[in-house]
Amino acid sequence: MSKKFLVTGATGATGSKTVKFLLEAGARVRAYVHRPDERSTSLSALGAELVTGDLLDFEAVRKALEGVQGAYFVYPIMPGIHQASAYFAQAAKEAGISAIVNMSQISARREAKSHAAQDHWIAERIFDWSGVPTTHLRPTLFAEWALYWTDLIKTGTLRLPFGTGKHAPITAEDQARVIANILLAPEEHKGKIYPLYGETEYTFAEIAAEIGKVIGKRVAYEQIDAWELKKLAAKAPAVPEDRENTQLWRSHHTDTLWQHFQEIAKDHQNGVFAGTNDLVQKIGGKRPLGLPEFLQANRQAFLD
């Protein structure tokens, strides 16, 4: 019988593609979702088993992990990650899980000034202490960020709290390939920490210019304070393709997110998010999608 895997955040950009790649590889997949909706229905149509629950409900997590061999864990930038990580690690240990892929972030480190980044570093240690074999992924900033700010882009000026630092935007799809392949063959990856990058580094001003090329009009870039961005984000509609993330941006419970933005903007300027490597191709089996290709594939989102 084929292996079975649990994918949390299964309706998100990365999780949904992880489900797809695992199913295409012949694995069975249990998709952990907050609530049934059209996105979870799509996963079910692909062949995934749907389970609803909350990562802060230990018994729900324990039940979801029963009978699976590996799992993908992701938690949003908001309070609760340590509790969720501890619950998941303990439940995985009780269920005899042989591999976890944990989504962290490139700025996760002990000395991080971002509370969320430091929390991700501690969450990594929780999984390590549990003894359950875990691979930690530390991606740089997602290419999908461009889709979160379409309303700002339509004004002709992308406003974010980042200066002249660079990063190589990585797509959710590229990360999903890495996640799926690690789960399918985890032995050489256990205990590893993998920084993940896209193909080419850009400043945010250069990203704005690339968007302008795709939509056929100039898009300027302006650096603003993270708390000013919070006010702008509160006015913007959610992106249908990634509703949970865009709704998170404007939630009044997410000052953790805006403090994170303020501090990672400094990290970004200081080179913490910079770099490239061959891990996406080496582990995922395909070169990372370039930013111009990603933007062209999502061109309509900037025009609607």
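Which trypsin sites (Lys or Arg not before Pro) in segment 56-161 sit in a loop by DSSP (not H, G, I, E or B) and have at most 10 other Cβ atoms within 10 Å of their own Cβ? The partial results should precede the final answer.
Numbers: sites: 62, 63, 93, 109, 110, 113, 125, 154, 159; in loops: 109, 110, 113.
For trypsin sites (Lys or Arg not before Pro) across segment 56-161 that sit outside H, G, I, E and B with at most 10 neighbouring Cβ atoms in 10 Å, the list reads 110.
Whenever you get a sec, line up 54, 278 from highest to lowest accessible area (probe 1.4 Å, protein heavy atoms). Please list the in-between numbers first.
On the way: 54 70, 278 95 Å².
Result, largest first: 278, 54.
Using Cα centres only, tell me the gap between segment 19-54 and segment 263-284 in whole Å.
Going from one Cα centre to the other spans 30 Å.
5 Å is the cut-off here: which amide hydrogens, built 1.01 Å from N in the peptide plane, fall below it relative to residue 196, excluding neighbours closer than 5 in sequence?
Here the answer is 138, 140, since their amide H atoms fall under 5 Å of that of residue 196.
So if each residue of separation counts as 0.36 nm, and I subtract the Cα-Cα distance between residue 215 and residue 300, what length gain in nm does that give?
Details: separation 85, 0.36 × 85 = 30.60 nm, distance 0.85 nm.
Between residue 215 and residue 300, full extension yields 29.7 nm more.
Taking only C-alpha pairs under 8 Å that are 6+ residues apart, what is the relative contact order of the chain in percent?
On the way: 603 pairs, mean separation 58.3, N = 304.
With pairs under 8 Å counted, the relative contact order is 19 percent.
Pull up all non-local amide H partners of residue 100: gap of 5 or more, or a different chain, and H-to-H distance under 5 Å with H placed in the peptide plane.
Residues meeting the amide H criterion: 71, 134, 135.
Return the calculated 222 nm mean residue ellipticity for the chain, to the nearest 500 deg cm²/dmol, obtained by summing -39500 (n - 2.57) across DSSP H runs with n ≥ 4 and dividing by the residue count. All intermediate terms of the calculation are to be shown ahead of the outcome.
On the way: 15 runs with 145 residues, N = 304.
My calculation for the chain gives -14000 deg cm²/dmol from helical runs alone.
Could you pull out the longest piece of the chain with no exposed loop GluC sites (Glu not before Pro) in it, calling a site exposed if DSSP puts it outside H, G, I, E, B and it has at most 16 other Cβ atoms within 10 Å?
Working: sites that count: 66, 111.
Answer from the scan: 112-304.
Could you tell me the distance between the Cα centroids of segment 183-227 and segment 123-174, to the nearest Å?
7
Quick one: which residues, 5+ away or cross-chain, put their amide H under 5 Å from the amide H of residue 162? H built at 1.01 Å from N.
Excluding prolines and chain starts, which carry no amide H, the hits are 224.
Calculate one ³J(HN,Hα) per residue across segment 75-81 by plugging θ = phi - 60° into the Karplus curve 6.51 cos²θ - 1.76 cosθ + 1.60, and present them in order as whole Hz with x for glycine and proline.
In residue order, the calculated couplings are 9, x, 6, 6, x, x, 5 Hz.
Tell me the accessible surface of residue 149 in square angstrom (1.4 angstrom probe, heavy atoms of protein chains only), to the nearest ten.
Roughly 10 Å² of residue 149 is accessible to a 1.4 Å probe.
Along segment 278-291, what does the Karplus equation 6.51 cos²θ - 1.76 cosθ + 1.60 (θ = phi - 60°) give for ³J(HN,Hα), rounded to whole Hz, x for Gly and Pro?
Here the 3J(HN,Hα) series is 9, 5, 4, 6, 5, 8, x, x, 8, 4, x, 5, x, 4 Hz.
Going down the list 17/192; 20/217; 217/266, which pairs span over 25 Å between their C-alpha atoms? Present the calculation step by step, with values, prior to reporting the outcome.
On the way: 17/192 22 Å; 20/217 35 Å; 217/266 30 Å.
Over 25 Å apart, Cα to Cα: 20/217; 217/266.
The values are calculated or read from the model by the stated rules, or taken from the named source; none is laboratory data. Predicted model, so just to flag it, every value in this text is computed and none were measured. Every residue, glycine among them, receives a Cβ derived from its backbone with ideal geometry; neighbour counts consider all protein chains shown. Ligands, DNA and RNA are excluded from the accessible area calculation, which covers all protein heavy atoms including side chains. Shrake-Rupley method; radii C 1.70, N 1.55, O 1.52, S 1.80 Å.
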